[in-house]
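Asks: First the structure, then my questions, so here it is.
The values are calculated or read from the model by the stated rules, or taken from the named source; none is laboratory data. Being a predicted model, the structure only gives us computed values, none of them experimental. Cβ: placed from backbone, ideal geometry, glycine included. Neighbour counts: every protein chain shown. When the accessible area is computed, the model is the full protein with side chains, heavy atoms only, and any ligands, DNA or RNA have been set aside. Shrake-Rupley method; radii C 1.70, N 1.55, O 1.52, S 1.80 Å.
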Amino acid sequence: MLVDDREDNLLSMETVLEPDGYRFVKATSGRQVLKTLLTDLDFALILMDVQMPNLNGFETASLIYERERLRHIPIIFITANNYGDENLFKGYRAGAVDYIYKPVNPDLLRAKVSVFVELYRKNQRLTAQEQKLVAINRNLEMEINERKASEEKVTELNKQLLENISRLEAANKDLDLFAFMASHDLQAPLRKVRMFSDRLLASTDNSFSKEGKLYLTRIQEVSKRMQDLINDILRFSKISVEKQNFEEVDLNGVVEEVLSEMEGVIQEKAAKVKVDRLPVLPASTVLMGPLFSNLISNSLKYCKKKESPQIRIRYEEGPVLASANGREQETRYGRIYIEDNGIGFDQKYAEQIFDMFRRLHSNAEYEGTGIGLALCKKIVEMHKGFISALGKPGEGAIFIVSLPLGGVPAALVEKNDDISDLN
């Protein structure tokens, strides 16, 4: 802003400063300055004459700086008089930052104005950066508050989830116990049904017609399937309800015992079972037997009608896996493969076959209750392991059991590569 009561002085200052590209607002009195500043506060500098009618430069400066929002504008007084130190101090007290004496030196005027304009521009940039930082801080504060709210929500959801899990675990235990007790109580009447039907068929009385004997035979068959189902449910429930003790188990001995118990079926089907060396690992001795028994039985059951079953059980060291939350130690796994040359299955059913009561074939084709593989999955999960299956119709199946080996390498029993080769 250029302030002088004489138009020629205003024109002279404008002519000197115009080449530098400044934008000017001119005023011829102190009152006009104050009126202009009511609507326009954005000035880099005020060049103001001291000697003006009505309000002189000192009075105008004092009135300007009474307002807080105008105190940032620097004022340079233009004067033809040397007022002495006392009057100079008066001007500085009024708010002046400098004096320029008339006649005005154009180079000095340009130099001083350029300094204040540059300061103004730097202040503008700093203000803009400050506003940007304020906005960033505000956004960060909002994000932090939102994150805190989200964390609190997640914490609450986790708490509810844990409560739901506890309730589900309790409900599952109750269901398992109910299934165990219900299945156990069903055994007695079923045994009586089988016993009386056996007696009727064994009776020397020939009063039964051919159709009547057929019905009795059907009753026996259905009763047997029902008893097999109840026994499998009991085994499944017993595993869920009872607490198992874990110890170092030699799987070679477990498999040998299972094969010994199944020797009759193996010979009947002319099956060949080849077992490689297996590890010693922490497990439940009680559960490892049913695990291998069900998997081997599965391979024997779903064999091809015109081809002898070929079953191989082999072992290899699995990967080292970290826990999901990264807090627990890494766990090393051992993989046991049960391979056969049976009828196989479509890979799209690879997960479904481990569901309870899930069967891909009818009883007319292959007998079974649909619990065996579900039992295997339950046993493996109780050992913090995994079970999966690979299959292809007509080309056999591979069941993969992954069990944790503990903190030390798996101890392998020093035997021949094949601990069993049964024909």
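Asks: Condition first: open to solvent by less than 80 Å² (accessible area, probe 1.4 Å), touching a residue at least 60 places away in the same chain (Cβ under 8 Å) and touching a strand residue (DSSP E or B) at 6+ places or on another chain (Cβ under 7 Å). Can you find one or more residues in the range 35-50 that meet it?
Replies: Scanning the range 35-50 turns up at least one residue that is open to solvent by less than 80 Å² (accessible area, probe 1.4 Å), touching a residue at least 60 places away in the same chain (Cβ under 8 Å) and touching a strand residue (DSSP E or B) at 6+ places or on another chain (Cβ under 7 Å).
Asks: Which members of the range 293-307 meet the condition of being of a type outside the set (G, A, S) and either within 42 Å of the chain's Cα centre (by Cα) or buried (at least 19 other Cβ atoms within 10 Å of the Cβ) (or both)?
Replies: The initial filter retains those residues of the range 293-307 that are of a type outside the set (G, A, S), namely 294-296, 298, 300-307.
Within the range 293-307, N294, L295, I296, N298, L300, K301, Y302, C303 meet the criteria.
Asks: Now for a separate question. Would you tally the residues in the range 370-397 being out of contact with any strand residue (DSSP E or B) (no Cβ under 6 Å at 6 or more places or on another chain) and either in a loop (DSSP other than H, G, I, E, B) or at pLDDT below 80 (or both)?
Replies: Looking only at that region, the number is 7.
Asks: Oh, and also: Return yes or no: is L133 at pLDDT below 90 and either open to solvent by 100 Å² or more (accessible area, probe 1.4 Å) or of a type in the set (A, V, I, L, M, F, W, C) (or both)?
Replies: Criteria not met by L133.
Asks: Checking the condition touching an Asp or Glu at 6+ places or on another chain (Cβ under 6 Å) and either under 27 Å from E66 (Cα atoms) or loosely packed, with under 12 Cβ neighbours inside 10 Å (or both), which residue from T15, T28 passes?
Replies: On the way: T15 fails: touching an Asp or Glu at 6+ places or on another chain (Cβ under 6 Å).
It is T28.
Asks: Of the residues E330, E367, E317, which single one is surrounded by fewer than 20 Cβ atoms within 10 Å (Cβ to Cβ), under 25 Å from N245 (Cα atoms) and modelled with pLDDT under 80? Break it down into steps so the answer makes sense when it comes.
Replies: Values: E367 fails: under 25 Å from N245 (Cα atoms); E317 fails: modelled with pLDDT under 80.
Checking each option against the conditions leaves just E330.
Per-residue answers, yes or no, for (1) open to solvent by less than 100 Å² (accessible area, probe 1.4 Å); (2) at pLDDT 75 or above; (3) among the β-branched types (V, I, T):
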| site | (1), (2), (3) |
| --- | --- |
| E146 | no, yes, no |
| V154 | yes, yes, yes |
| N158 | yes, yes, no |
| M181 | no, no, no |
| T204 | no, no, yes |
| N231 | yes, no, no |
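Asks: Could you check, for the range 292-302, whether at least one of its residues is more than 16 Å from N341 (Cβ to Cβ), of a type in the set (D, E, K, R) and out of contact with any His (no Cβ under 9 Å at 6 or more places or on another chain)?
Replies: No, the conditions are met nowhere in the range 292-302.
Asks: Looking at the range 1-21, I want the residues that are free of Cβ contacts under 8 Å to residues at least 40 places away in the same chain and part of a helix (DSSP H, G or I) and have a partner that is open to solvent by less than 80 Å² (accessible area, probe 1.4 Å) and acidic (D, E) with Cβ atoms under 6 Å, at least 6 apart or on another chain. Which pairs are those?
Replies: Here the result reads L10/D4, each pair linking the range 1-21 to a residue that is open to solvent by less than 80 Å² (accessible area, probe 1.4 Å) and acidic (D, E).
Condition check ((1) modelled with pLDDT of 90 or more; (2) under 60 Å from the mean Cα position of the chain (by Cα); (3) surrounded by fewer than 16 Cβ atoms within 10 Å (Cβ to Cβ)) across all residues:
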{"site": "P53", "(1), (2), (3)": "no, no, yes"}
{"site": "E68", "(1), (2), (3)": "no, yes, yes"}
{"site": "I73", "(1), (2), (3)": "no, yes, no"}
{"site": "F77", "(1), (2), (3)": "no, no, no"}
{"site": "N81", "(1), (2), (3)": "no, no, yes"}
{"site": "G84", "(1), (2), (3)": "no, no, yes"}
{"site": "K90", "(1), (2), (3)": "no, no, yes"}
{"site": "A94", "(1), (2), (3)": "no, no, no"}
{"site": "P103", "(1), (2), (3)": "no, no, yes"}
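Asks: Something else about it: For the range 29-62, how many residues meet the condition of being in a helix (DSSP H, G or I), under 14 Å from M1 (Cα atoms) and of a type in the set (S, T, N, Q)? Please lay out each step first, then the result.
Replies: Looking only at the range 29-62, we keep the residues that are in a helix (DSSP H, G or I), and these are 30-37, 57-62.
Still in the running and under 14 Å from M1 (Cα atoms): 30-37, 57, 60-61.
Add one more test, that the residue is of a type in the set (S, T, N, Q), and what stays is 32, 36, 60.
Here the count works out to 3.
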